[in-house]
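The values are calculated or read from the model by the stated rules, or taken from the named source; none is laboratory data. Bear in mind that the values here come from a model prediction, so they are computed numbers and not experimental data. Positions of Cβ are backbone-derived with ideal geometry, glycine not excepted, and every protein chain shown enters the neighbour counts.
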Amino acid sequence: MKRIIFDVSRWSIFLHRQARGLDTVDTDDPGWRQLEDEIFEKLYSGPPDLLAEGERSMELSPWAEKLHAACDELPDFSRLAAECRGDADAAATGVESIMAELAPKMQELSAKNESAELRRVLRSSCSRAAEAVEELRDAAEGLDGVALN
Amino acid sequence: MHQKLQQLRLELATKFPERKEVIDGALCAILAAEHVLLLGPPGTAKSALVRVLAQAFGATYFERLLTKFTTPEELFGPISLKALEQDRFLRVTAGKLPEAEIVFLDEVFKSNSAILNSLLSLINERTYANDGAPMPCPLVTLFGASNELPEGKELEALFDRFLVRHDLNYLLQPSSLRSVLLAPDPAPGMVMTMTELRQAQADVAQVRITDATIEALIAIRDACRTEGIVGSDRRWKRSLKLAKAAAYLAGEKETSAEDLMILTDSLWREPRERPKVARLVGKLSDPASTQALEILDAAREITQKTTALKTGDRKSYVGAAAQAIDQFDQQQRKLAELTQSAGRRARAVITDAATEIQGMHAEMARGVSHGLGLRGLR
């Protein structure tokens, strides 16, 4: 399904939204939600297919391209993706943590157009995300041993 | 009566694969005496479905392909020469639209102004002004078909008369196409008489509308309005008739919020609005069915994308198909989880979705074994 610059599978979007209890997908989803879907797909199943030039969002694609390129260059993001591959809950937690750090600075970062600053924020958000995924796994492991009646 | 309708519904679903929503929409429209618009390219079984429905009820049937040059005579009958001798402008309506119970008008938006007014009042009031005198018409449901949306205010009025709207596309699954190619022309024969249908319509009118349904309808209307999807008050009122028909079809004596799912194919004005409407209606009326349909959409997308690789490199096709099979497995597990929280009607939707995904799964597995050269091996 068409997002900002990637064609993300409906199944991945479903898993992402379900894991986070979000609204179901809509073609008119706000840009940040579409960006989350794209990051989820990268974490959950690997790089999605790029949309053809004409199909990309004119308004958002320059910023999204820069952000995705920064993610691809970061070893922290690759490590996080390896952790989350095939695990929808982990990938959703990863996205949530990354966006929690990124969202408040999004406007500032896009205005400044500074790649170094973007990489710094992403690195820190990836490390937060990795911690959150680890906590999620610990919690799930702990809950496995508890009988809920 | 309800059982006969269920039997017809199942028979039609077998004869017209991938058309369950259209069949349900058409049956509800017939039960509510409302009209249906079928949008889509030629060759999507629009006329075949309507013909079979007319046969199933033993209804008087009229069908016509409209063009810019269609004359009133073609639809409403020729002028009676005998009456003309007495200065009367009377049409001989036998076998024409004013005497039909089920009508199919192909390319309905090609209607010209010569026929539009008569057509509108016939659809609306079920009367035809023959020689100035209003003649009552037995019309139950008019099915209009078109390949495009109407343009212009005159046609807008006609568009608005169709309470149910479906957007049809070509069959997706090879197995569906295979069954259509191999099956004889669909003809289920008569399932119930028009008298029985009229009785069923009277029963539908008796279905009680619950407060929960009204609350859900208001919530849907507000949500739609926020998203820029605005329907007239008349449309919202008439949509309750559809909800009653949906409840009746499900064997209920009163409506529930679930019955409002039928509004998905009543509220959109352009096919591209449909997913948004489906999301809004589904969230507020039947979340379990909505999730099931989303899973089904995802499975269909996987099938479409994987099948597109079939003509290319064998290795990438087999890889994608293996991944697809794994995803179909996950989807079937999700559907099984959903069943636990679903209501009775949502369970039927989930079962249908699961059956379709199983079909895609089997088809894909066949494709993989063929791609690996295992065809014929046991």
* Would you say B:T351 is surrounded by fewer than 17 Cβ atoms within 10 Å (Cβ to Cβ), hydroxyl-bearing (S, T, Y) and at pLDDT 90 or above? -> yes
* In the range A:15-30, which residue that is in a helix (DSSP H, G or I) and surrounded by fewer than 23 Cβ atoms within 10 Å (Cβ to Cβ) is farthest from the other protein chains (Cβ to nearest Cβ)? -> A:R20
* Considering every residue within the range B:154-164, establish whether at least one is more than 23 Å from B:E99 (Cα to Cα) and buried (at least 19 other Cβ atoms within 10 Å of the Cβ). => no
* Quick one: what pairs do we get from the range B:293-310, first residue more than 8 Å from chain A (Cβ to nearest Cβ), second among the small types (G, A, S) and outside any loop (DSSP other than H, G, I, E, B), C-beta under 6 Å, 6+ apart or different chains? -> B:L296/B:A353; B:T306/B:A320; B:T306/B:A321; B:T306/B:A324; B:L309/B:S316; B:L309/B:A320
* Structure fact -> Expected single match for on the phi < 0 side of the Ramachandran plot and within 20 Å of the chain's Cα centre (by Cα) among B:A200, B:A223 is B:A200
* Asked: Is there a residue being within 14 Å of chain A (Cβ to nearest Cβ), without any contact (Cβ under 8 Å) to a residue 40 or more places away in the chain and small (G, A, S) anywhere in the range B:365-378?
  -> no
* To do: Go through the range A:47-78 residue by residue and tally those that are closer than 18 Å to A:A129 by Cβ and surrounded by 14 or more Cβ atoms within 10 Å (Cβ to Cβ).
  => 8
* Asked: Mind checking which residues of the range B:75-104 are of a type in the set (D, E) and within 25 Å of B:L37 (Cα to Cα)?
  -> B:E99, B:E101
* On the given criteria, is B:P136 in contact with a Ser or Thr (Cβ under 7 Å, 6 or more places away or on another chain) and at pLDDT 90 or above? -> yes
* Residue, modelled with the highest pLDDT, within the range B:115-133, restricted to residues that are more than 15 Å from B:L90 (Cβ to Cβ) and of a type in the set (D, E, K, R) -> B:R126
* **Scan of the range B:269-291 for residues that are touching a Lys or Arg at 6+ places or on another chain (Cβ under 9 Å), assigned to a helix (DSSP H, G or I) and away from every other protein chain (no Cβ under 11 Å), ordered by number** => B:P271, B:A288, B:S289
* Lone qualifier among A:R33, A:R56 - being within 14 Å of another protein chain (Cβ to nearest Cβ) and among the basic types (K, R) -> A:R33
* **Qualifying positions in the range B:319-348 - touching a residue at least 60 places away in the same chain (Cβ under 8 Å) and either loosely packed, with under 14 Cβ neighbours inside 10 Å or not hydrophobic (A, V, I, L, M, F, W, C) (or both)** => B:G343, B:R344, B:R345
* Does B:D160 satisfy the condition of being farther than 23 Å from B:V92 by Cβ and not assigned by TED's automatic domain parsing to the domain that holds B:L66? -> no
* To do: Consider B:G58 carefully, then state whether it is outside any helix (DSSP H, G or I) and more than 19 Å from B:V191 (Cβ to Cβ).
  => no
